[in-house]
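Notes follow the structure.
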Amino acid sequence: MVRTVLLGPPGAGKGTQAARLVEKYNVPHISTGDIFRENIKNGTELGKKAQEYMNKGELVPDDLVIDIATDRLKRDDCKNGFLLDGFPRTVYQAEKLDEFLKKEGVSLDKVIDIEVEDQELVDRLTGRRVCKSCGASYNVKNIPPKEEGVCDKCHGDLEQRADDKEETVLNRIKVYTEQTMPLVDYYKKTDRLVEIDGALGLEVVFQQIVEALGK
Ligand code: AP5
Ligand code: MG
């Protein structure tokens, strides 16, 4: 069982690694970014509010995020663990998450911090293509699909994410540094942080995370 957070800047590989980790550990992958994108696609009120911030590369306000994440964690499939991706993203969110888990009588075992330098993040994100149908992620430069524009797994169409334009990517990295990096110290203090070099290949990064989780 794992109760883990994947921390790291936009483009570090959180979603890519999460897709593999959930298969190994059989726990749900909870990405607040994916939840917002699903709401945007369905035209919900939440989606409309979130979209304003996401398109600029800003964080969605804490009060909109925390209930969504904790409601998701209350579902039965999280009883035996979970993998959080992109939540928490501010110290306030991290405190609220700790409070919530304490009330449930559990705690986070590890926080995996995947770090990659800025220029590589920009290259990865501007080259990212995501499947419209199944969400699988590719990269035109280093992880291309077999056929251009087509998903290897489900043959769905590939598209670029609305916030993957260079200008928005640069702001997302800035926002990460200012608002999310303080979480590194927050988790270091409580001895839960594991730092992983995300610049290495997919397989090596995966093996390092599995080793860190120790299960
Ligand atoms: P979110 O969806 O969480 O995006 P993000 O954190 O910006 O991260 P990404 O999904 O862009 O990157 P990733 O680390 O998952 O990388 P990936 O594996 O795809 O959030 C989006 C927005 O929602 C936020 O900006 C904010 O507005 C809002 N939001 C969400 N949660 C929030 C919260 N808690 N509070 C407030 N606001 C919130 O990989 C990227 C690319 O690199 C891919 O092309 C991939 O193929 C490639 N790649 C991956 N690993 C490697 C590797 N090892 N080597 C080479 N290439 C690689
Ligand atoms: Mg992601």
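The values are calculated or read from the model by the stated rules, or taken from the named source; none is laboratory data. What you see is a predicted model, and the numbers here were worked out from it, not measured in a lab. Methodologically, a virtual Cβ is constructed for each residue, glycine included, from the backbone with ideal geometry; neighbour enumeration extends over all protein chains shown. In case anyone asks, the SASA skips ligands and DNA or RNA and just uses the protein heavy atoms, side chains included. Shrake-Rupley method; radii C 1.70, N 1.55, O 1.52, S 1.80 Å.
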Placing +1 on each Lys and Arg Cβ and -1 on each Asp and Glu Cβ in the chain, then taking the dipole about the Cα centre, the residue among ALA12, VAL65, ASN171 whose Cα reaches farthest towards the positive end is VAL65
In terms of modelled amide H atoms, which long-range or inter-chain residues lie less than 5 Å from the amide H of PHE82?
VAL2, ARG3, THR4
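Is the C-alpha gyration tensor of segment 1-102 telling us rounded, prolate or oblate? Criteria: a/c under 1.5 is rounded; beyond that, a/b larger than b/c is prolate, otherwise oblate.
On the way: a/c = 1.56, a/b = 1.37, b/c = 1.14.
It comes out prolate by the Cα gyration axes.
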So which residue, out of LYS41, LYS79, LYS14, gets the largest mean-square fluctuation from a GNM of the chain using Cα contacts under 10 Å as springs?
LYS41
Counting just the Cα atoms, what span does segment 124-186 cover along each of its three principal axes? Round to the nearest Å and put the largest first.
41, 24, 20
Rounded to the nearest 10 Å², the accessible area of THR190 at probe 1.4 Å
70
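In terms of solvent-accessible area of protein heavy atoms at a 1.4 angstrom probe, what is the ranking of LYS49, LYS96, highest value first? Could you put the intermediate results ahead of the total?
Working: LYS49 100, LYS96 65 Å².
Ranking LYS49, LYS96 by accessible area, largest first, yields LYS49, LYS96.
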The farthest towards the positive end of the charge dipole of the chain, of the residues VAL122, LEU46, GLY198, given +1 on Cβ of Lys and Arg and -1 on Cβ of Asp and Glu, is LEU46
Run the simple label-point estimate for TYR92 and GLU166 please: 7 Å along Cα→C-beta, distance reported in nm.
3.4
Could you pull out every residue, at least 5 positions away or on a different chain, whose amide H is within less than 5 Å of the one on ARG161? Hs are placed 1.01 Å off N in the peptide plane, and Pro or chain starts have none.
VAL130
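Please compute the net charge surrounding ASP67, taking Lys and Arg as +1 and Asp and Glu as -1 over other residues with Cβ under 11 Å from its Cβ.
Values: positive: ARG72, LYS74, LYS96; negative: ASP62, ASP63, ASP71.
Around ASP67, the surrounding residues sum to 0.
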Can you compute log10 of I(q)/I(0) for the chain with the Debye formula, treating each Cα as one identical point scatterer, at q = 0.11 Å⁻¹?
-0.51
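With a sphere of radius 9 Å drawn around the Cβ of PHE206, what net charge do the other residues whose Cβ falls strictly inside it have (Lys, Arg +1; Asp, Glu -1)? Mind showing how you got there, number by number?
Details: positive: ARG20, LYS24; negative: GLU203.
Spelling it out: positives minus negatives among the neighbours equals +1.
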Would you mind working out the magnitude of the charge dipole of segment 102-215 relative to its Cα centre, with +1 at each Lys and Arg C-beta and -1 at each Asp and Glu C-beta, to the nearest 20 Debye?
480
So what does CYS78 come to for accessible area, using a 1.4 Å probe and Å² rounded to 10?
10
What is the dipole size for the chain, taken about its Cα centre, with +1 at each Lys and Arg Cβ and -1 at each Asp and Glu Cβ, in debye to the nearest 20?
520
Give me the log10 of I(q) over I(0) for segment 162-209 at q = 0.25 Å⁻¹, as the Debye formula computes it from C-alpha points; what are the numbers?
-0.93
Expected field for GLU104, accessible surface area in Å² at 1.4 Å probe radius, rounded to 10, holds 90
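Sum up the charges of everything whose Cβ sits under 13 Å from the Cβ of PRO182, counting Lys and Arg as +1 and Asp and Glu as -1, but leave PRO182 out. It would help to have the intermediate numbers written out before the result.
Values: positive: ARG89, LYS188, LYS189; negative: GLU95, ASP113, GLU178, ASP185.
Neighbourhood net charge equals -1.
Send over the Kirkwood Rh of segment 76-193, from the inverse of the averaged 1/r over different Cα pairs, rounded to one decimal Å. It would help to have the intermediate numbers written out before the result.
Working: mean 1/r = 0.0600 Å⁻¹.
It works out to 16.7 Å.
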Per residue of segment 182-195, in order, report the coupling 6.51 cos²θ - 1.76 cosθ + 1.60 (Karplus, θ = phi - 60°) as ³J(HN,Hα) in whole Hz, putting x for Gly and Pro.
x, 5, 4, 5, 4, 7, 5, 4, 9, 6, 10, 8, 10, 9
